[in-house]
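Comments concern the structure below.
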Amino acid sequence: MGGAYQKAYDQSVNKPDLFWDQAAKEIVWYRKYTKVLDESRKPFYRWFIDGELNTCYNALDYHIETGKGDQTAIIYDSPVTGVIKKISFSELRDAVARFAGALKGRGIAAGDRVIIYMPMIPQAVIAMLACARIGAIHSVVFGGFAPNELAIRIDDAKPKMIVSASNGIEGKKIIEYKPLLDRAIEIAKHKPSHCIIYQREQVKAPLTPGRDIDWEEAVKNAGTADCVPVKATDPLYILYTSGTTGMPKGVVRDNGGHAVALKWSMRYIYGMNPGEVFWAASDVGWVVGHSYIVYAPLLYGCTTVLFEGKPVGTPDPGVFWRVIADHDVKVLFTAPTAFRAIKKEDPRGEYFRKYDLSGFRYLFLAGERLDPNTYHWASDILKKPVVDHWWQTETGWAIAANCMGLEQFPIKPGSPTKAVPGYRVEILDADGKKMPPGKEGLVVIRLPLPPGTLPTLWQNDDKYKESYTDPFPGCYFTGDGGYVDRDGYLYIMGRVDDVINVAGHRLSTGAMEEVIAQHPDVAECAVVGASDDFKGQLPLGFVVLKEGTKKDNATIVKDLVDMIRDQIGAVAVFKQAVVVKRLPKTRSGKILRSTMRKIADGQDYTAPSTIDDPVILVEIEEAVVTLGYGKK
Ligand code: COA
Ligand code: AMP
């Protein structure tokens, strides 16, 4: 026996075909799939094979055909420009169909890649849905990445077209996008045939004749494009995410499983009803933005809020409350760091009390560990459930959550509650043995993963296997460490690889090391993530200089900070590095990054028996103190 959660969970893992076939009835198919789950090419599982649908049709046209054309699809709320604009499903569909026509007119067809490098404006959503409409594969690149990172993605995705805007607005700063885009195209080996540039009021970007097209010009003479049927297994998008090296992973999302899982999640995880307002305060450049600003709310017939601002400073720490009250938001989804920012500026919740949030239902947080302090603060002030949930770019939707639409469990601060239906989460030791309750280990998900999760990496099946399924055969390795308690609650304690999480942004310390290693005076280096009260983690650099280096240490550290900002982007928040004589290593030469991480966090540690020279650890302890970290 069991409640609604247990029933759903048991069916999802014992009879996944039945469970997901039922969920797939909520989607309009041009052609029904012949099989729910195809297991013929393990570890590559495919959902809804031979099925045909169009994601854009399901997100827009379907609602118009069922009488909801006048309902608001997007509320664009931009405190940085002072604009609040409501766009109905009909208006959005028309704009999308026209932009899709413009893409088609420039030779973009099903399967072609289109990179979207845009700020949080409706045109970003229009471009994404237009690609979906004609079966083109979009790849959105977060605006905070530097040209070099954009170039890496251009070379991997090989887009025919790039869609961008003249500028973004970061708080009070105007960020010109066009020079960054031009520089990225210059660096990349692959060159797109065309770029469509949306000219914002703040900046008019000069266009490159023959290559660049003004957005308004492109749509002026374009016809409209209809939805084309695509296979359920055809890619909808590629989203690059940080791995352990400088080469990001191109996570592929297919059309069928994605539409089915996301629509299911809106009701059962987030407890939403169609017609209500959902707000994911994230960025379209991240997976949260893809899934919960764009696709899931629209597929489910909700209104989504597109917010161009920050939790603080645009104009004050009351802006989240203002948006919720103004637009009758039922569920807000954001990262804990956003709440830490609000708490820092308004610890007593004085701004909160200015607004009526009686209609608000739940706060969902994800993207990094929800520390109990932030949980208690948010929950005390809101007096509504604060729901931690855990997921990754790779999965595209939550792996563990307190599923508000199924059954509410008591909340345990620090835990994202239980595995969501579809996910068989287990804790293993390094040899693949199951760990007992309460014991920390490596978090894996037994295959197959549910619909909507990554089928593979873009044109790189080998890397998919190497990263995710080779480490523990029969399982998907999440890269996270954690444990399950006796009540079946999961605790995610952090990454066990070289991925860090800075202000809810996933970054690779390996990529930072690759940049630092290019400095002519650096012999070797290590970057580790240290805990930070505000941003969750911050990167710290440790560098060993070449013999006979003439430059002083402070100048070298400044060079490194500038290099990372220039090559990865401001979003890396790499601001601190220290010169050390040596790095701690094993006798076989492996740098002891996890020990260094513990030292930076002031935790107790035991030097591994394989350490080459334990004295170096004392030097590292002294070095982290100079940066304001370590044992206080
Ligand atoms: N375009 C250009 N630059 C960007 C950018 C973008 N889209 N996003 C961030 N940056 C820049 C910032 O301006 C900042 O630059 P600076 O060093 O010149 O000040 C730098 O990158 C670091 O940004 P960030 O770490 O975001 O710090 P912040 O002080 O600007 O904002 C928070 C802090 C907590 C308010 C913000 O990080 C936030 O809202 N985070 C939530 C993250 C999120 O939504 N994650 C998705 C999972 S839900
Ligand atoms: P991203 O792919 O950017 O969504 O980052 C995924 C990573 O963020 C996960 O592997 C975790 O390390 C971390 N993460 C996301 N949500 C949570 C959460 N609720 N609790 C703990 N860690 C989380």
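Please treat every number below as a calculation from the coordinates, not as lab data. If you're wondering where the values come from, they're calculated on a predicted model, not measured in any experiment. Reconstructed Cβ throughout: ideal geometry from the backbone, glycine too, with neighbour counts over all protein chains shown.
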*Kirkwood Rh, Cα Rg: Rg to Rh for segment 327-372?*
0.98
*How many Lys pairs in segment 559-632 lie less than 19 angstrom apart by Cα atoms, where the lysines are 8 or more positions apart or on different chains?*
5
*Compute the projected area of the convex hull of the Cα atoms of segment 153-234, averaged over all viewing directions, and report it in nm² to one decimal place.*
7.7 nm²
*Ordered by packing density, taken as the mean number of other Cβ atoms within 10 Å over each peptide's residues, highest first, how do 406-418, 182-194, 495-507 rank?*
495-507, 406-418, 182-194
*Please say if segment 377-437 is rounded, prolate or oblate, where rounded means a/c under 1.5 for a ≥ b ≥ c the square roots of the C-alpha gyration tensor eigenvalues, and otherwise the choice is prolate for a/b larger than b/c and oblate otherwise?*
prolate
*So what J values fall out for segment 240-246 if you push phi through Karplus, 6.51 cos²θ - 1.76 cosθ + 1.60 with θ = phi - 60°, rounded to Hz, Gly and Pro as x?*
7, 9, 5, x, 9, 10, x
*Percentage of Cα-Cα pair distances in segment 180-329 greater than 27 Å, rounded to whole percent?*
45 percent
*asked:* Taking every pair of distinct Cα atoms and averaging 1/r, then inverting, what Kirkwood hydrodynamic radius in Å comes out for the chain?
replied: 25.2 Å
*Counting Lys and Arg as +1 and Asp and Glu as -1, each charge on the Cβ, what is the dipole of segment 503-626 about the Cα centre in debye, to the nearest 20?*
220 debye
*Burial order of peptide ranges 374-384, 428-438, 270-280, 253-263 (average beta-carbon count within 10 Å, highest first)*: 253-263, 270-280, 374-384, 428-438
*Mind ranking 136-149, 166-179 by how tightly packed they are, going by the mean number of other C-beta atoms within 10 angstrom, highest first?*
136-149, 166-179
*Excluding ILE616 itself, what net charge comes from residues whose Cβ is under 14 Å from its Cβ, given Lys and Arg +1 and Asp and Glu -1?*
0
*Please compute the Cα-Cα pair-distance distribution of segment 503-626 with 10 Å bins starting at 0, giving whole percents from short to long.*
13, 45, 34, 7
*Karplus (6.51, -1.76, 1.60) ³J(HN,Hα), θ = phi - 60°, over segment 45-53, in Hz, Gly and Pro reported as x*: 9, 10, 10, 6, 5, 6, x, 10, 7
*Would you compute, for the Cα atoms of segment 1-75, the largest minus smallest coordinate along each principal axis and list the three values in descending order, in whole Å?*
42, 34, 21
*Spin-label model distance (nm) - GLU345 vs ASN221, 7 Å beyond Cα toward Cβ*: 4.6 nm
*How big is the Rg/Rh ratio for segment 422-542, C-alpha atoms only, Rh by Kirkwood, two decimals?*
1.03
